[in-house]
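Contents: one structure, followed by commentary.
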Amino acid sequence: MDSLFDAADGGENREERLAELARQVAVCTRCDLALSRTNTVFGTGDPYSPLMLIGEGPGENEDATGLPFVGRAGKLLDDILAAVDLTRRDVYITNIVKCRAAVEEGGRMKNRQPRTSEIKACNIYLQGQTEAIKPKIILCLGGPAAKTVIDKDFRITKDRGKWYDLEGGIKAMATFHPAYVLRQRGEDLQNTKRLVWKDIQAVYAEYQQAIEERG
Ligand code: URA
């Protein structure tokens, strides 16, 4: 067997496919986010995981480091995963856009939501990652990821926590984005956290089943 190819993966090497995609992303100029980025943020984790997490896009910390979810929202994401005994090494984490979307405000760059055109321009890379990783389960973090991956009319407050069947036998769910959770206060914070914790339990049940089926 050629060492570049993994028989368990049907003769392809996911790391190689992802590394090639990451090289393309690093020099991408498909939209104007390329003009202001410091680093592209491709994705991290286990390319053989049955579970892929998809967030919105890099913020200031991610742009500085080239890694997804390294700020406060990232710390909360670690806690959410830890609630079901998972770590970042057990899952694959990426975003719908690979470059920071920012706007100047009062002489400082502030994170903003990526525009539809930016998300569309970047979708080829998310598609490539999904095809390489072949996840059994996708968890979208927040409305923009859910609208991109599950349904353009997705409403996070109404539709989170529900399962959707995607092409390729993928089961997808969305939950609140960790940064949204962090913006809540008092009772809203407790209620939002409770829902996210409920969602991750349901995702974990599917994850365990996928691991068992893989044998
Ligand atoms: N928020 C996201 O959606 N993605 C990141 O990588 C960081 C923060």
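The values are calculated or read from the model by the stated rules, or taken from the named source; none is laboratory data. On a predicted model such as this, the values are computed, not experimentally measured, just so you know. Heads up, the Cβs are rebuilt from the backbone with ideal geometry, glycines too, and the neighbour counts pull from every protein chain shown. We work out accessible area using only protein heavy atoms, side chains counted, and drop any ligands, DNA or RNA first. Shrake-Rupley method; radii C 1.70, N 1.55, O 1.52, S 1.80 Å.
For the chain, what does the accessible surface come to per residue with a 1.4 Å probe? Please give it in Å².
Value returned for the chain: 53 Å² of accessible area per residue.
Before anything else, pin down the relative contact order of the chain: Cα pairs under 8 Å, at least 6 apart, normalised by residue count, whole percent.
21 percent
Quote the FRET efficiency, to the nearest 0.05, computed for Ala64 versus Trp197 with a Förster distance R0 of 41 Å and r equal to the Cβ-Cβ distance.
Rounded to the nearest 0.05, the efficiency is 0.85.
For the chain, just the Cα atoms, rotate onto the principal axes and tell me the three extents in Å, largest first.
59, 40, 29
Please give the net charge around Thr29, taking every other residue with its beta carbon less than 13 angstrom from that of Thr29, where Lys and Arg add +1 and Asp and Glu add -1.
Net of charged neighbours comes to +1.
Let me know the shape class of segment 56-143, please: from the alpha-carbon gyration tensor, a ≥ b ≥ c as square roots of the eigenvalues, rounded when a/c is under 1.5, otherwise prolate if a/b is greater than b/c, or oblate.
Judged from the Cα gyration tensor, segment 56-143 comes out oblate (a/c at least 1.5, b/c at or above a/b).
Extension gain Gln24-Asp153, at 0.36 nm per residue separation less the Cα-Cα distance, in nm?
Result: 43.4 nm gained on full extension.
Of the accessible area of the chain, with the probe set at 1.4 angstrom, what percent is carbon plus sulfur?
That fraction is 49 percent.
Spelling out what I want: for every residue of segment 34-43, take phi, set θ = phi - 60°, compute 6.51 cos²θ - 1.76 cosθ + 1.60 (Karplus), and round to whole Hz; glycine and proline get x.
4, 6, 10, 6, 8, 10, 7, 10, 7, x
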